[in-house]
């Protein structure tokens, strides 16, 4: 049926599909066709779980572990072989489980982003998931819709369709009744009815629109984490190379040395980093979903942590989007109800448009519309800024009505009867519009044609959209978080200033067409324009292309920008923004382009999302510092100890045990309590590397000191020394996590989460049992275990003080820095001209 529709009249298509365009299918017919054709989606080929699990045994890191296992078998080191295999399977199981949980959570999020469609069934228009569409369904296509299935258009003036993603055509194509519109294309303008001719795998390209696409670019934070991973790998391999050369010079057995080197490298390389990233991001996405904010690009959570400017739509975001009709102003209308009736005839109730519903709600008698038939309807779009309908009445007469932006309606009438004849009307209307705007009202102009087809200006309809009760508080709250909220509205400057003043945003509202009078400024804003955009409190009379220019100008000033949008023409701006936000009620096209999709109105959800993103950033920052610290601590100590003392300070089995014990609390970082930074956060690699290196070197010193005390003062033999150092590295490593997780004192709030604290206690309990009971190691007295714990706790306090000192130096907040800055200020003051 799908291919035949391209070449046959619409009547034949409807007949073949056994459907009437004015009633649609019945529920029984839908059920039968759904069973026959299946749901309107592609059957994704999901990898079998066991194949996914086996994939974790293939790759550079697993190969290194497998080679180490093979060498253990060759050398008949059976305990080493068993532990290495346990490590191999443990890493695979952890990676598989975390990926499985993350993919399951993302699938749940995608279901919340499911495409919706307006469909006629049982002679009633309703909204349903696009997956439930079947061939023969009658659907309504409007501006901003992603066309949910292959269709043939039935009636309507036209539908401008962007099908570039399917055919490569750069410009939208105008479609008329009888023509086909393909699944996945976007309705840019117009409105038409259509019949579904193909679904699921039977569509033109065998696919439906993908609303959640995997981002191809790598986020700022991911790049930083990848740099950390590379740094750790290169550091580990360099130190291992030094170790191998020294030990070969000393005549160490080659196989044993290679085995030990491989195990040491594997233990130091951040094997768990991808799992930690995945879990942390997914946990954050689930939290945001519970806040009614759905993440379509997981990496954008990291970008949210750094945004410092939020460009927000006015209607429905800062205001309630509950329009109230004010007192009509009559020009040529007979009375107020005649004016409201004309505006209602230029509306379409089933579209659910807020303006249309407010206008139609102003009718004293809703049955008044029953005497008229709407033969054609031209919906509103951002270019024409008006609606128009062709109407026939009960006496057989016909006329047209239009409503929209007052200046557009006045131009329509002026063009018809002459601008000179309309001069006084335009001046009077302009004064009234300005007066309404100063009170926060937006105004609609209404016109109607006479028997000769000439347009007449009937009057003005003022509409008021009050601010949301939580907007002012939320804007102030955003300011406390270092985020400037700028208003972006299509209304005129006066309305923008009034609403902005009520919300405490400042009244420096600039008309966007003044800023972007030159189209070149939109794509390539100069420094002067960027500076002016940065200084404005908001922008009025904004067209979609202006949003794009505003973002480009702010980004050129080194800002991370979030932009809200709801229309199909907002898509370029939402893509360009560091965080594109589709507001509640946004079109499918806007939702597809956005990073964050809101399912609840208002700004508070966005501010909450920023807070959660900053919590996630702190967790990742803590993890990075901890992971670098541990690699520096273990690798440098191991290499130096073997060069200086000439023996392995810990065995290969102990290294593997350390790696296994470290992986468990690391996973718990994703749910840790973190400090909320009051300002936007960005990745500062020099600070992370400096802090981690200092803490790592402190760890090297404390471990060498313990080794020296135990061997020199207490004369402990090598086997027991290895167990002591193993337990010390295990305890100190996890205690360092308490130090690294906050930039403040480790005893300050927020305290570690119960999950993290419990995971560390549990793993250290296991480590103590291993050392005390002699599982795979030489046992040491329980008194030694207590002394090692006390020793590590003392050094944890020292590390915390070192951390605070280093942060003061990095942030230039130490007493030495303050004295220097004060002295510098005095010196400059003394040379000030008198």
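Scanning segment 423-469 for residues that are exposed (fewer than 13 other Cβ atoms within 10 Å of the Cβ) and in contact with a helix residue (DSSP H, G or I) (Cβ under 6 Å, 6 or more places away or on another chain), we see that the one that is modelled with the highest pLDDT is 454.
Conditions (1) more than 15 Å from residue 448 (Cα to Cα); (2) assigned to a helix (DSSP H, G or I); (3) without any contact (Cβ under 8 Å) to a residue 40 or more places away in the chain, marked per residue:
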residue: 317; (1), (2), (3): yes, no, no
residue: 321; (1), (2), (3): yes, no, no
residue: 334; (1), (2), (3): no, no, yes
residue: 347; (1), (2), (3): no, no, no
residue: 356; (1), (2), (3): yes, yes, yes
residue: 359; (1), (2), (3): yes, yes, no
residue: 363; (1), (2), (3): yes, no, yes
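Would you check if residue 771 is more than 16 Å from residue 631 (Cα to Cα) and buried (at least 21 other Cβ atoms within 10 Å of the Cβ)? Yes: the conditions hold for residue 771.
Residues are listed down the side, and each one gets a yes or a no for (1) within 27 Å of residue 756 (Cα to Cα); (2) within 41 Å of the chain's Cα centre (by Cα); (3) not assigned by the TED database to the domain that holds residue 764:
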{"residue": "690", "(1), (2), (3)": "yes, yes, no"}
{"residue": "697", "(1), (2), (3)": "yes, yes, no"}
{"residue": "701", "(1), (2), (3)": "yes, no, no"}
{"residue": "708", "(1), (2), (3)": "no, no, no"}
{"residue": "728", "(1), (2), (3)": "yes, no, no"}
{"residue": "732", "(1), (2), (3)": "yes, yes, no"}
{"residue": "738", "(1), (2), (3)": "yes, yes, no"}
{"residue": "742", "(1), (2), (3)": "yes, yes, no"}
{"residue": "745", "(1), (2), (3)": "yes, yes, no"}
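Screening segment 534-583 for strands (runs of 3 or more DSSP E) wholly inside it with 3 or more residues that are within 17 Å of the chain's Cα centre (by Cα) and touching a residue at least 12 places away in the same chain (Cβ under 8 Å) returns the ranges 561-565, 579-582.
Each row is one residue, and each column tells you yes or no for (1) more than 30 Å from residue 196 (Cβ to Cβ); (2) modelled with pLDDT under 85; (3) outside the structural domain of residue 378 (by the TED database); (4) part of a helix (DSSP H, G or I).
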| residue | (1), (2), (3), (4) |
| --- | --- |
| 54 | yes, yes, yes, yes |
| 63 | yes, yes, yes, yes |
| 92 | yes, yes, yes, yes |
| 95 | yes, yes, yes, yes |
| 105 | yes, yes, yes, yes |
| 109 | no, yes, yes, yes |
| 118 | no, no, yes, no |
| 134 | no, no, yes, no |
| 139 | no, no, yes, no |
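Any residue at all in segment 12-26 that is surrounded by 19 or more Cβ atoms within 10 Å (Cβ to Cβ), in contact with a strand residue (DSSP E or B) (Cβ under 7 Å, 6 or more places away or on another chain), modelled with pLDDT under 70 and under 30 Å from residue 180 (Cα atoms)? No, there is no match, as no residue in segment 12-26 is surrounded by 19 or more Cβ atoms within 10 Å (Cβ to Cβ), in contact with a strand residue (DSSP E or B) (Cβ under 7 Å, 6 or more places away or on another chain), modelled with pLDDT under 70 and under 30 Å from residue 180 (Cα atoms). Each residue in segment 396-409 was checked for being surrounded by 18 or more Cβ atoms within 10 Å (Cβ to Cβ) and under 20 Å from residue 325 (Cβ atoms), and 7 pass.
Does segment 347-354 include one or more residues that are modelled with pLDDT of 90 or more and in contact with a strand residue (DSSP E or B) (Cβ under 6 Å, 6 or more places away or on another chain)? Taking every residue of segment 347-354 in turn, none turns out to be modelled with pLDDT of 90 or more and in contact with a strand residue (DSSP E or B) (Cβ under 6 Å, 6 or more places away or on another chain). Regarding segment 424-438, can at least one residue be identified that is part of a loop (DSSP other than H, G, I, E, B) and on the phi < 0 side of the Ramachandran plot? No, the conditions are met nowhere in segment 424-438.
Here segment 297-315 is the region considered, the condition is being modelled with pLDDT under 85 and out of contact with any strand residue (DSSP E or B) (no Cβ under 7 Å at 6 or more places or on another chain), and the residue that is surrounded by the most Cβ atoms within 10 Å (Cβ to Cβ) is 302. Is it the case that residue 321 is at positive phi, surrounded by fewer than 23 Cβ atoms within 10 Å (Cβ to Cβ) and either outside the structural domain of residue 413 (by the TED database) or in contact with a helix residue (DSSP H, G or I) (Cβ under 8 Å, 6 or more places away or on another chain) (or both)? Yes: the conditions hold for residue 321. Inspect all residues belonging to segment 620-638 and state whether any of them is touching a helix residue (DSSP H, G or I) at 6+ places or on another chain (Cβ under 6 Å), outside any helix (DSSP H, G or I) and modelled with pLDDT under 90. The answer is no, given that none of the residues of segment 620-638 is touching a helix residue (DSSP H, G or I) at 6+ places or on another chain (Cβ under 6 Å), outside any helix (DSSP H, G or I) and modelled with pLDDT under 90. Within segment 642-663, does at least one residue satisfy the condition of being under 31 Å from the mean Cα position of the chain (by Cα), touching a residue at least 60 places away in the same chain (Cβ under 8 Å) and buried (at least 21 other Cβ atoms within 10 Å of the Cβ)? Within segment 642-663 (the criterion being under 31 Å from the mean Cα position of the chain (by Cα), touching a residue at least 60 places away in the same chain (Cβ under 8 Å) and buried (at least 21 other Cβ atoms within 10 Å of the Cβ)), the answer is yes, since at least one residue qualifies.
Inspect all residues belonging to segment 381-394 and state whether any of them is in contact (Cβ under 8 Å) with a residue 60 or more places away in the chain, in contact with a strand residue (DSSP E or B) (Cβ under 6 Å, 6 or more places away or on another chain), on the phi < 0 side of the Ramachandran plot and not in a strand (DSSP E or B). The answer is yes, given that some residue of segment 381-394 is in contact (Cβ under 8 Å) with a residue 60 or more places away in the chain, in contact with a strand residue (DSSP E or B) (Cβ under 6 Å, 6 or more places away or on another chain), on the phi < 0 side of the Ramachandran plot and not in a strand (DSSP E or B).
Annotation note: of 369, 341, the sole residue that is farther than 24 Å from residue 433 by Cα, modelled with pLDDT of 90 or more and in a helix (DSSP H, G or I) is 369. The set of residues in segment 366-379 being surrounded by fewer than 16 Cβ atoms within 10 Å (Cβ to Cβ) and in contact (Cβ under 8 Å) with a residue 24 or more places away in the chain consists of 368, 374, 376.
The values are calculated or read from the model by the stated rules, or taken from the named source; none is laboratory data. From a predicted model like this one, the values you see are computed outputs, not experimental measurements. Every residue, glycine among them, receives a Cβ derived from its backbone with ideal geometry; neighbour counts consider all protein chains shown.
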